[in-house]
Amino acid sequence: MDAVDLEILSLIQNDARVAHASVGGKVGLTAPAVHARIKRLEREGIIQGYLTAINPAAVNQALLAFVRVTNSASGVTEKAFEDFVRQEPNILECHDTSGEDSYLLKIRTDSAASLRALLGRIRDFPDVERTVTSISLCTIKESGGPPLFPETPNHTNSKSPEDS
């Protein structure tokens, strides 16, 4: 992956439907060249897919919670818990964490009652020792992916003098 690929990724990251000609105009390539690069990035697994950002309230999923799970599971019971997490549609993300907690879950539901029921199913796993739940009051920032220019936080997608 080169600097042009990275620039293309930054341009399509939050709007995958942007015209290839528009992207090409910003990076100095033709639309077919941009298309070819995007297809290669897909084949290489750099672009893993495309998502549609849906307003959670519009589909009755406005309750957002983060749940820290502490367990003493290993082997079969750990795999069973992780399989449950993968299958449960209300669990949007699961991160195996270091520190005192085992997992951090991002959960969306329609109500406190449905969150409570899901927490009950999580706590039913034999090695789950504790859960700590934080309800999100509002979302200040939610990003569609990793920062593509972490070394320059105020990056404006412009080329440096060395790139000329």
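The values are calculated or read from the model by the stated rules, or taken from the named source; none is laboratory data. Predicted, not measured: the structure shown is a model, and the values here were computed from it. Please note: Cβ atoms are built from the backbone with ideal geometry, for glycine as well, and neighbour counts cover all protein chains shown. What goes into the accessible areas is simple: the full protein's heavy atoms, side chains included, and nothing from ligands, DNA or RNA. Shrake-Rupley method; radii C 1.70, N 1.55, O 1.52, S 1.80 Å.
Things to note:
- For the chain, the longest principal axis of the C-alpha atoms and the axis of helix 31-43 are separated by about 30°.
- Linear extension gain, residue 60 paired with residue 123, 0.36 nm per residue minus alpha-carbon span: 20.2 nm
- Rounded accessible area of residue 20 (nearest 10 Å², 1.4 Å probe): 60 Å²
- Cα-based shape type of the range 16-81, given that a ≥ b ≥ c are square roots of the gyration tensor eigenvalues and the cut on a/c is 1.5: oblate
- Evaluated over the chain, the count of Lys pairs having alpha-carbon atoms less than 26 Å apart is 5 (only pairs 8 or more residues apart or interchain).
- Acute angle (nearest 10 degrees) that the helix 112-123 long axis makes with the longest principal axis of the chain, alpha-carbon atoms: 80 degrees
- Within the range 1-96, GluC sites (Glu not before Pro) in DSSP loop having at most 12 other beta-carbon neighbours inside 10 Å: 44
- Accessible area of the chain divided out per residue, in Å², using a probe of 1.4 angstrom: 66 Å²
- Carbon + sulfur, % of accessible area of the chain - ligands and nucleic acids excluded, 1.4 Å: 54 percent
- Dividing the helix sum by the residues of the chain, where each DSSP H run of 4 or more adds -39500 (n - 2.57), gives a mean residue ellipticity at 222 nm of -10000 deg cm²/dmol.
- Gyration tensor (alpha-carbon) shape descriptor, the range 99-150, a/c threshold 1.5: oblate
- For the chain, a simple Cβ point-charge model (Lys and Arg +1, Asp and Glu -1, everything else neutral) yields a dipole of about 520 debye relative to the Cα centre.
- Degrees, to the nearest 10: 3-12 long Cα axis against longest axis of the chain: 60 degrees
- Extending 7 Å from Cα along the Cβ direction at residue 136 and again at residue 18 yields two label points whose distance is 2.4 nm.
- Placing a label point 7 Å from the Cα of residue 79 along the Cα-to-Cβ direction, the residues of the range 101-130 with a backbone N closer than 17 Å are 126-127.
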